[in-house]
Amino acid sequence: MTTCCTVSLIIIQAGGSISGLTIFGVNMKKIPVIIDCDPGHDDAIALVLAFASEKLDVLAVTVAGGNQTLVKTLRNAKKVLYCMGKRPLLAAGADKPMFRELQIAPAVHGESGLDGPSLPDPDWQEDPRPAWELSRDLIMASAEPVTLIPTGPLTNIGILFTAYPEVKRKIARISLMGGSVMEGGNWSSAAEFNIIVDPEAADIVFRSGVPITMCGLDVTHKAQILPEDAGAIRALGGKVPLMVAGLIDFFYKYHAVQGFAGAPMHDPCAVAAVIAPEIFTTKDMHIDIETKGEHTAGMTLADLRFWTDAKPNATVCLDIDRAAFARLLIDACGKY
Ligand code: RIB
Ligand code: CA
């Protein structure tokens, strides 16, 4: 069969193996990832981007309380995945931060946590294991180091690292949405929502020694989807593009009042940083998490002293090619 022989020939030429297939020098190996989220409009769009990418093997989706209560974020994850025609391993995690009460964001995401488009509510039972147990099982069983993509408060990751520290050596990287270096906060003047909801969990993550890509407000406020981008997505037609356009419309309303020209796509940045790192401008920095301050709790404090001897613990995304990012999102919607 020509196809089979052709593929084999390419493998022989490239000297690759099936698992590490390279074609003409391009590494075609999928990156195993676990997405931890709190849907949430931008979390939902991050899921659409991730499942559309040929570069990712999404091992599981885990959910935490954050934008809304865990009951609602779990229901929203099921609705979005059902609309996408995906049924990955799905597990519920923490319904509150490790040491604090939960803060939710109904003003941003609505009472349901996913106000706007009307989505069917599937009768789908999640995995019986809590998020940190499912993640531990998948990470330890994976032949390849796993990349974690948390797009909500870091509670589930904090619990995972505390309960099962052995997983750290099998994690390639954490590409997270959270924090900010120069942009200030969006939940307090100093702190971004995902970090301030559970600063103690964030502190565990940033002290873990696991490589981190930090997609904070410095970059996500530049990663705006403009009305014309939303129009291009809607014009694709079909239930997933129409869901995404509806989510963007709702999310944009809140941000337009704040003066944004478009809807800042916070969580999709954490996925894009894995599948298209070339569209980001980054700088390695040492980040400390403030867990005590009356005004600064939840702050991601970057050591900006050029003479510092503090070891960098995060690759911080500071800028993005916005047009390329919008293209990535529009193309992803076109894959459904
Ligand atoms: O600050 C933005 C973050 O908070 C995003 O993850 C959004 O979904 C909310 O969780
Ligand atoms: Ca989120």
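Throughout, read-outs are computed from the coordinates displayed, never taken from laboratory work. If you're wondering where the values come from, they're calculated on a predicted model, not measured in any experiment. Virtual Cβ from ideal backbone geometry, glycine too; neighbours counted across all protein chains shown.
Once every DSSP H run of n ≥ 4 in the chain is given -39500 (n - 2.57) and the sum is divided by its residues, what mean residue ellipticity at 222 nm do you get, rounded to the nearest 500 deg cm²/dmol?
The helix contribution divided over the chain gives -11500 deg cm²/dmol.
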Exposure proxy check on PHE161, PHE193: fewest-to-most Cβ neighbours within 10 Å is PHE161, PHE193
Looks like the stretch 129-264, by Cα gyration tensor root eigenvalues a ≥ b ≥ c and the a/c under 1.5 rounded cutoff (else prolate when a/b is bigger than b/c, oblate otherwise), is oblate
The answer for ASP36, listing residues at least 5 apart or on another chain whose modeled amide H is closer than 5 Å to its amide H, is THR62, ILE149, THR151
A chain fully extended from TRP124 to ALA107 at 0.36 nm per residue, minus the present Cα-Cα distance, gains in nm 3.3 nm
Residue-ordered couplings for the stretch 122-134, obtained by feeding phi - 60° into the Karplus form 6.51 cos²θ - 1.76 cosθ + 1.60 and rounding to whole Hz (Gly and Pro as x), are x, 8, 10, 7, 6, 4, x, 6, x, 3, 5, 6, 4
Sorted on mean Cβ neighbours within 10 Å (highest first), peptides 204-215, 267-278, 225-236 come out as 267-278, 204-215, 225-236
Protection proxy (average C-beta count within 10 Å per residue), highest first, orders 245-251, 46-52 as 46-52, 245-251
Once phi for every residue in the stretch 32-46 is put through the Karplus expression 6.51 cos²θ - 1.76 cosθ + 1.60 (θ = phi - 60°), the whole-Hz ³J(HN,Hα) values, with Gly and Pro written as x, are x, 10, 10, 9, 10, 9, 9, x, x, 4, 6, 4, 4, 5, 5
Phi-derived 3J(HN,Hα) across the stretch 164-178 with the Karplus relation (6.51, -1.76, 1.60, θ = phi - 60°), rounded Hz, x for Gly and Pro, is 9, x, 4, 5, 4, 6, 10, 10, 6, 6, 10, 9, 10, 9, x
For LYS222, counting only lysines whose alpha-carbon sits under 19 Å away and dropping same-chain residues fewer than eight positions off, the answer is LYS253, LYS283
Violations at 19 Å Cα threshold for listed pairs LYS86/LYS170; LYS55/LYS335; LYS55/LYS168; LYS29/LYS78; LYS86/LYS335; LYS79/LYS239 -> LYS86/LYS170; LYS55/LYS168; LYS29/LYS78
Volume per residue (Å³) of the convex hull spanned by the alpha carbons of the chain is 152 Å³
